[in-house]
1. Quick one: VAL122 ticks every box in (1) part of a helix (DSSP H, G or I); (2) at pLDDT below 85 except a single one, so which number is it?
2. Go through the stretch 97-118 residue by residue and tally those that are modelled with pLDDT under 85 and charged (D, E, K, R).
Amino acid sequence: MLKKQRLRQLWKTWQVFIYERRIVGAMLFAEMKQRETTESAREVAKLHGDGFERESAARVHEAQQREVVKKLEMQIFALKNSLRAKDRELLELRRELREKHALVTLLQHHAMDPQEIDRLRVESCEYKKATFQLVEALTNTMEMQLEVLSTSEGRQNLSDVFTRDLIQSIDKPENAAFYNPLADMDTKAGTGADNNIMLTYEAPVDRADAILTQWVNSLVAQQPADWLSAPRMQNLHSSLNDGKIYDDQPVLQHRD
């Protein structure tokens, strides 16, 4: 009986020990789980904090990127405007280039061959030589004629030529009153007079001489001082000295 009681006590003691072991194990397990839970909570809090920090950093970075994007967009807009201006300048330059090409083509079309220019220069020199030869021949001929005109008969013939044919051909008035201011009065006064209109075109000989003298002297004044031996003509019928001026008139006109 005592043995049974002892066995029962031992069994109960063993059960108590087992229960205590279980309680201690449960407490240790609970403590371990609580520790793990705390660590997990800390990690979760840390993760939440890292996520917030990352989100904040991402927002700041996004704001910065927006500013950078705006600056880049403004730069792109300015570059586009610059490119448009450059395109307009390029179009203008191309248009000018086309015009220059057209001008060059036109100039090339109208340009003369250097050989042709040399030929024209040679011909021009030949024409000048021929002209001076003709002037020299004309001068010699007129000098011979002046020898004939130096006689009284020759001077009279020269006077007749200049007073009629030459003067009337170079000095025709547009109005009859230019020669005869009393032409209208004469027409009204003289009813039975001669109505020939050519009479009003006949200038006095002295006025024709003055016109010719002024014209010749103006040509002589335009030439160098050492060109003519006779510096000035006095009148149409004076002397052979005036004839030398007449002889030099073709040369003067050729030089002009």
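1. If we test VAL122 against (1) part of a helix (DSSP H, G or I); (2) at pLDDT below 85, just (2) comes out false.
2. 3
The values are calculated or read from the model by the stated rules, or taken from the named source; none is laboratory data. For clarity, every value in this text was computed on a predicted model and none was experimentally measured.
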